[in-house]
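Values in this text are rule-based calculations from the coordinates and carry no lab data. Remember, it's a predicted structure, so these values are computed and weren't measured experimentally. Cβ placement follows ideal geometry from the backbone for every residue including glycine, while neighbour counts extend to all protein chains displayed.
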Amino acid sequence: MHPRRLIAWSLLIALLSILSYAARISGRFGSLPSDTFFRYSTAIEAVATDAIFLLIVLAMAWGLPLRETFALRLPASWRRAAIIGGATLAGAYLLSFAEVAFLRDVAREQSVPPFWDSARAGAWIANLFAIAVFVPIFEEALCRGLGYTLLEPFGVRAAVALTAVAFTFAHGVIVDIPVILATGIGLGYMRASTGSLYPCIVLHAVFNGFGLIAAAAFASG
């Protein structure tokens, strides 16, 4: 047990949640320009912000064995990871489609505006890297890495559930709570079943990257 580290981790989750919900309530997220992901500044801000928080997470883990704390080892089974990942994605997308069907007049919080500008493809690639590579590394290190390790003494189920809840609150979602919570549970179960953070990062990357790629593909079609 590491009570002080767990308190520090909880406070970081609380800070991220406050910042995310404050931005949501202020309308910052809802008023994003359609070409947001065609701006280098968007990618730079995302990477810089998450890099700072990643350093904070690493500082919290100082003195602990990093390989064990962040599960930096090959998964027990890539096949099992693929099955869990496929089921998680299917569940998340079904919930997402259900939201669209039943809440037609409510704006989605985790969707990306369908937009494509071939003249600014470089900036789009930079944002794809930020969203599908760097953000998953930070968020998985935070939740399924350090968070899971600190909560595991309370039981695997508690670690999976609590990191999923933390993951959801840190995103500042309201309408999309079912989608993000289900994704967080799937990621936590993957961490528990495979004993590795790597499949979690891959699943998270696919989930984030698919949204941006699908939005561009839909816009170009």
Projected label distance in nm at Tyr40 and Ala87, using a 7 Å step from Cα toward the beta-carbon: 4.5
Arg67/Val133 FRET efficiency (R0 22 Å; Cβ-Cβ; nearest 0.05): 0.55
Helix-only CD estimate at 222 nm, as mean residue ellipticity for the chain, using -39500 (n - 2.57) per DSSP H run (n ≥ 4): -22000 deg cm²/dmol
Computed magnitude of the charge dipole of the chain (debye, nearest 20; Cβ of K, R +1, Cβ of D, E -1): 480
Value of relative contact order over region 1-157, rounded to a whole percent, pairs C-alpha under 8 Å and six or more apart: 50
Gyration tensor (alpha-carbon) shape descriptor, region 48-142, a/c threshold 1.5: oblate
Sites Arg79 and Val156, calculated FRET efficiency, Cβ-Cβ separation with R0 22 Å, nearest 0.05: 0.60
Kyte-Doolittle at least -0.5, axis length at least 18 Å by Cα - qualifying DSSP helices, the chain: 3-26, 40-60, 78-102, 156-170, 177-194, 198-220
For Met60, net neighbour charge (Lys/Arg +1, Asp/Glu -1) across residues whose Cβ lies under 13 Å away: +2
Spin-label pair Leu11/Thr49, simplified geometry with 7 Å Cα→Cβ offset, distance in nm: 2.2
Farthest toward positive dipole pole in the chain [+1 Lys/Arg, -1 Asp/Glu at C-beta], among Phe154, Phe218, Ala141: Phe154
Peptides 120-126, 162-168 ordered by average Cβ neighbours within 10 Å, highest first: 162-168, 120-126
